[in-house]
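Engineer: Following this message is one structure expressed as structure tokens.
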Amino acid sequence: MKTAKTAEYRNPGPGAVEFARQYVEGVTRAEALPIIKKLLNGELHDTTDKRIKKCAYCGYYYRDKTKPNNSKTCSRECKIDFDTLNRAKKRADEALLNPKKKKETTYVWWLEYPFWISEYEMLKRSWKYEVPYAPNKLAAIRAVQQRDAMLGGRRKPKCEVNYNGDEKVQPKVSVNFGKASANKPCEVTISQMTPEEIEAYFTEKYSQEHLKMERWRAENLAAVKKY
Ligand SMILES: [Zn+2]
């Protein structure tokens, strides 16, 4: 049987406390400290005494009081905790070695550091918490992608813009799509503006000063700004 790691700090069980008490009976607290230290190092007790052992659970020395001298823990309390710990370890080992034997055991949750039996089992469940898009939303996204592909992508169409005002302004055509829907065709509206209408629109909307600045901006910064 495996012995519990003593690197884990546990409180001494009643059996261990009783064993230590006989060494510090009647001494002050200050005097007791070095005695306890020696005791814990195993320097104080009779090493030939086969009844003095280290508790398999709490890890402290105790005196075995069982008749056949076969106890592994200092007390009933430590035995219960030790058995519980071993059962948990055994279950974890079994689950790890036979992942298919028990289908419901895929996550060893009862240990201090829980783990999944296999990565596959983990992924099989964890994806459910990362909820994907609803089917109709996916269809809508796909519809937009297909529409963009047919129109040559979402890239802004390249066009000559005449900001100088003296060259002939090209007519502007804009195509607007209605709200995208997966199962109904979109409503498409096409509007057209003649060069005269565009001129009139800008003159009405912006001041001459502003248009002059925009023209300058277009000439000087057009090379920098690339779409
Ligand atoms: Zn103990």
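Engineer: Please determine whether any residue of the stretch 47-63 is part of a helix (DSSP H, G or I), touching a Ser or Thr at 6+ places or on another chain (Cβ under 9 Å) and at negative phi. Please lay out each step first, then the result.
Structural biologist: First, pick out the residues of the stretch 47-63 that are part of a helix (DSSP H, G or I): none.
No, the stretch 47-63 has no match at all.
Engineer: Could you check the stretch 70-94 and list, in sequence order, the residues that are within 36 Å of the chain's Cα centre (by Cα), away from the ligand (no atom under 14 Å from the Cβ) and exposed (fewer than 15 other Cβ atoms within 10 Å of the Cβ)?
Structural biologist: Answer for the stretch 70-94, where residues must be within 36 Å of the chain's Cα centre (by Cα), away from the ligand (no atom under 14 Å from the Cβ) and exposed (fewer than 15 other Cβ atoms within 10 Å of the Cβ): Arg87, Ala88, Lys89, Lys90, Asp93, Glu94.
Engineer: Separate question: Mind listing whichever residues of the stretch 104-119 are among the polar types (S, T, N, Q) and touching a helix residue (DSSP H, G or I) at 6+ places or on another chain (Cβ under 6 Å)? Before you say what the answer is, go through the steps one by one.
Structural biologist: Quick first cut of the stretch 104-119, residues among the polar types (S, T, N, Q) only: 105-106, 118.
Within the stretch 104-119, Thr105, Thr106 qualify.
Engineer: What's the total number of residues in the stretch 66-78 that are in contact with a helix residue (DSSP H, G or I) (Cβ under 8 Å, 6 or more places away or on another chain) and part of a loop (DSSP other than H, G, I, E, B)?
Structural biologist: Summing the residues that are in contact with a helix residue (DSSP H, G or I) (Cβ under 8 Å, 6 or more places away or on another chain) and part of a loop (DSSP other than H, G, I, E, B) in the stretch 66-78 gives 5.
Okay, residues lined up against (1) closer than 21 Å to Arg10 by Cα; (2) among the aliphatic types (A, V, I, L, M); (3) touching a strand residue (DSSP E or B) at 6+ places or on another chain (Cβ under 8 Å):
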{"position": "Ala30", "(1), (2), (3)": "no, yes, no"}
{"position": "Leu39", "(1), (2), (3)": "yes, yes, yes"}
{"position": "Gly42", "(1), (2), (3)": "yes, no, yes"}
{"position": "Thr48", "(1), (2), (3)": "no, no, no"}
{"position": "Glu119", "(1), (2), (3)": "no, no, no"}
{"position": "Ala140", "(1), (2), (3)": "no, yes, no"}
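Engineer: Looking at the stretch 102-124, can you tell me whether even one residue there is of a type outside the set (Lys, Arg), under 30 Å from Asn220 (Cβ atoms) and modelled with pLDDT under 75?
Structural biologist: Taking the stretch 102-124 first, the residues of a type outside the set (Lys, Arg) are 104-123.
When the remaining residues are screened for being under 30 Å from Asn220 (Cβ atoms), the result is none.
Scanning the stretch 102-124 turns up no residue that is of a type outside the set (Lys, Arg), under 30 Å from Asn220 (Cβ atoms) and modelled with pLDDT under 75.
Engineer: Moving on. Select, from Leu111, Leu123, the only residue that is without any contact (Cβ under 8 Å) to a residue 12 or more places away in the chain and not assigned by TED's automatic domain parsing to the domain that holds Phe19.
Structural biologist: Leu123
Engineer: Looking at the stretch 20-35, is at least one residue surrounded by 11 or more Cβ atoms within 10 Å (Cβ to Cβ), farther than 30 Å from Met122 by Cβ and within 13 Å of the ligand (Cβ to nearest atom)?
Structural biologist: Scanning the stretch 20-35 turns up at least one residue that is surrounded by 11 or more Cβ atoms within 10 Å (Cβ to Cβ), farther than 30 Å from Met122 by Cβ and within 13 Å of the ligand (Cβ to nearest atom).
The values are calculated or read from the model by the stated rules, or taken from the named source; none is laboratory data. Predicted model only: the values in this text are computed from it and were never measured. Neighbour counts are summed over all protein chains in view; Cβ atoms, including those assigned to glycine, are modelled from backbone coordinates with ideal geometry.
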